[in-house]
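What follows is one structure encoded as structure tokens, with my remarks underneath.
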Amino acid sequence: MTRRRDLFPYLLLLPALALTLAIVAWPLAETFRLSFTDASMKPVTTYVGFANYAKIFRSGFEEIIGRTLLWASLSVSLKILLGLLVAVLLNAAVPGRALFRILVMPPWIVPIAIGVFMWSWMYNGQFGMISGLLQRFGLISEPFEFMAYSTSSFIATVVTDVWIGVPLVSLYFLAAMQGISKELYEAAWVDGASRLYRFRRVTLPLLLPSIATMALLSAIWTFNSFDIIWILTEGGPRGATTTMIIDTYKTAISRFRYGEGAARAVLILLFLSAFTSVYVYLLLRLTRKGGTHD
Amino acid sequence: MIDRYRWYELVLIYAGILLTLIFLLAPFLEAFMVSLRPLEMIFRIPYRFFTDDMSVDAYVAMWSSVPDLPLYIFNSFFIAVSVTVLALACIIPAAYAVSRFTFFGRDAILAAFLGINMIGAAVLIIPLYKLMLSAGLLNTYLAMIIPGAAFSVPTGIFLMRSYFLRIPRELEEAAYVDGAGRLYTLWRVILPVSLPGIMVVAITTFIAAYAQQFLFALTFNAVDEYNPLPMGLYQFFGRERVLWNELMAASLTGILPVLLVYLFLQRHIVAGLTSGAVKE
């Protein structure tokens, strides 16, 4: 079926390769090149070596890295934990299950920005639902402006990110759970294993590859997340929600410092590739089977 | 039987379901309540959920505050559909090539596509902007369609490839014996039997393209008539004095079409995810 020097597969790949070369590969190379220049709105740009990188690390970049790590790991672990819990609920054979499955999806279906508009109102201190209900039940005595304080706005952006992410994660886990053979459960049931025991000893081990895959994907997506923070806080107050992505966008697009922004983008790419390599390496060592499922 | 629950298990399950739905649907509910109130009544202390001054006035007034709302809704669909069509045109032949042929560089190409999955569009925004500028695409639909499609191609190829791998090779061999050409075989033999898989890739690509239009519109487009829904309403959101009731009315009206489409397609969507389809 295949011959040597056969051009047919290359022809089939041509559209996909052309598109990704133009939109991803070239910009990637260009980002590396720009990161060594002082490119900005000025007509002339010169190569400045590692000056941009040196400048970034003098300006308290460790703080942004730490914040990004905390933001992403909080959000990813919440999404995975809640996603597992919701998947178990979606899988329970109780009346109303079909309706429940339909009602879980909207946060994922609607445009991210629209979901964030709604949350922005929820967080409003004077008139929003959360502050309002907390006051109603006497948990706080006066309006609380979530977006005015570092910690609360940080948590608020995490909660919104989890809200958008949970439906997909739980549907993914649900699909994986449905792939587990019924006979395993029946065998355990015949042996008198309780429901909790069956979950711990059958569901969880068999779900582990899916959890590992989803955790990696979710980590990459969460790390690259832009819309949610941008609309809710634009990285504020006083930088409390400025992650590496927000910081890069601000530097490059809002302040027109293309060279410095590119250097920040390169650091993100290095960081993500290092993370992914270590993660995949550990996973391979743990499973010793040669990779996660596809 | 195995699926029978004890009463306390049922209580736990339904309590869990209720809490989940409250968390996931509260923003929609609150948006709906806000959209039903006159503006001055939204800003009221203490917070009350039900009030007696509710009306649908905001749904009338929003058409003059956001006159282009139908256009935004159309743009969102138009962009997402175009992204899906363009992406599929790249994904299907590419996935077929990597699943059916062994050729020099195949594994390297697959690895490169896997790597691209890691790169978010926001990271490449500077050269992308320059690219759009020099190609004369700034402030056109294409500036929002082409990048959207490019970033969904890698995931789509992996999804589609795993589907093609499950189709028996005998199908093509029989066609070749009958003297059919390879392109003809792909078009008339393989595509028809792959339709369920193509549907899955199309739906997940569409949802991703529909949900994530903000960044490209924010950065590449300044023409209001081309704005997708999120960007159209974002301008409204960014004003000095936000008309919350009308913003929420417009948001809910704006997402109504996609929610209806979802209701009709939800079986396919769940089936699609069952085969391992993912998108953020």
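The ranking of A:L267, A:L34 from fewest to most other beta carbons within 10 Å of each one's beta carbon is A:L267, A:L34.
For a test of the definition: using alpha carbon positions, the gyration tensor, and the 1.5 limit on a/c, classify chain B as rounded, prolate or oblate. Taking the square roots of the gyration eigenvalues as a ≥ b ≥ c, chain B is oblate.
Summarising the amide proton neighbourhood of A:T37: residues at separation of 5 or more, or on other chains, whose placed amide H is nearer than 5 Å comprise A:V48. Phi angles of the stretch B:243-259 translate, via the Karplus equation with coefficients 6.51, -1.76, 1.60 and θ = phi - 60°, into HN-Hα couplings of 7, 4, 5, 6, 4, 5, 4, 5, 4, 5, 4, x, 8, 4, x, 5, 5 Hz per residue; Gly and Pro are given as x. The local environment of A:A265, defined by Cβ-Cβ distances under 11 Å, has a net charge of -2 under the rule Lys, Arg +1 and Asp, Glu -1. For the pair B:S134 and A:Y281, label points projected 7 Å from Cα toward Cβ lie 3.6 nm apart.
Is chain A rounded, prolate or oblate when judged by the Cα gyration tensor, a ≥ b ≥ c being the square roots of its eigenvalues, rounded requiring a/c under 1.5 and prolate requiring a/b larger than b/c? It is oblate, given that a/c is not under 1.5 and a/b is not larger than b/c. Annotation for the stretch B:116-181: trypsin sites (Lys or Arg not before Pro) lying in DSSP loop with at most 12 further Cβ atoms inside 10 Å of their Cβ are B:R166, B:R169.
Taking every alpha-carbon pair within the protein assembly as shown, the share separated by more than 29 Å comes to 59 percent.
In this rough spin-label picture, where each label sits 7 Å from Cα along the Cβ direction, the B:Y5-A:T46 distance is 7.1 nm. The trypsin sites (Lys or Arg not before Pro) found in the stretch A:1-72 that occupy coil by DSSP, while having at most 12 further C-beta atoms within 10 Å, are A:R3, A:R4, A:R5.
On the beta carbon distance between A:S194 and A:L99, with R0 = 41 Å, the FRET formula returns roughly 0.90. Each helix, a run of at least 4 DSSP H residues, gives -39500 (n - 2.57); summed and divided by the residues of chain B, these come to -23000 deg cm²/dmol at 222 nm. Mean partner shielding of peptide A:224-230, defined as the number of other chain Cβ atoms within 10 Å of each residue Cβ, is 5. Take each peptide in A:233-240, B:172-179, A:168-175, count the other Cβ atoms within 10 Å of every residue, and average; sorted highest first, the result is A:168-175, A:233-240, B:172-179.
3J(HN,Hα) along the stretch B:167-179: 8, x, 5, 4, 4, 5, 4, 4, 5, 5, 4, 6, x Hz, from the Karplus curve 6.51 cos²θ - 1.76 cosθ + 1.60 with θ = phi - 60°, whole Hz, x for Gly and Pro. When each of A:R101, A:R257 is scored by the number of other beta-carbon atoms lying within 10 Å, the sequence from fewest to most is A:R101, A:R257.
Using a Förster distance of 60 Å, how high is the FRET efficiency between A:K55 and B:A89, based on the Cβ-Cβ distance and rounded to 0.05? Efficiency at R0 = 60 Å is approximately 0.90.
Residue order for A:S277, A:S150, fewest other beta carbons within 10 angstrom first, comes to A:S277, A:S150.
Farthest toward the positive end of the dipole of the stretch A:1-156, out of A:S150, A:I102, A:V116, is the Cα of A:I102, where the dipole comes from beta carbon charges about the Cα centre. Shown in residue order for the stretch A:81-97 are the 3J(HN,Hα) couplings computed by the Karplus curve 6.51 cos²θ - 1.76 cosθ + 1.60 at θ = phi - 60°: 5, 5, x, 4, 4, 5, 5, 4, 5, 5, 8, 5, 7, 10, x, x, 4 Hz (x for Gly and Pro). Summarising the label geometry, the points placed 7 Å from Cα in the beta-carbon direction at B:L195 and B:I22 lie 4.6 nm from one another.
Just so you know, all these numbers are worked out from the coordinates, no wet-lab data involved. Note that the coordinates shown come from a computational prediction; the quantities given were computed from them, not determined experimentally. Note that we place each Cβ from the backbone using ideal geometry, even for glycine, and neighbour counts take in every protein chain shown.
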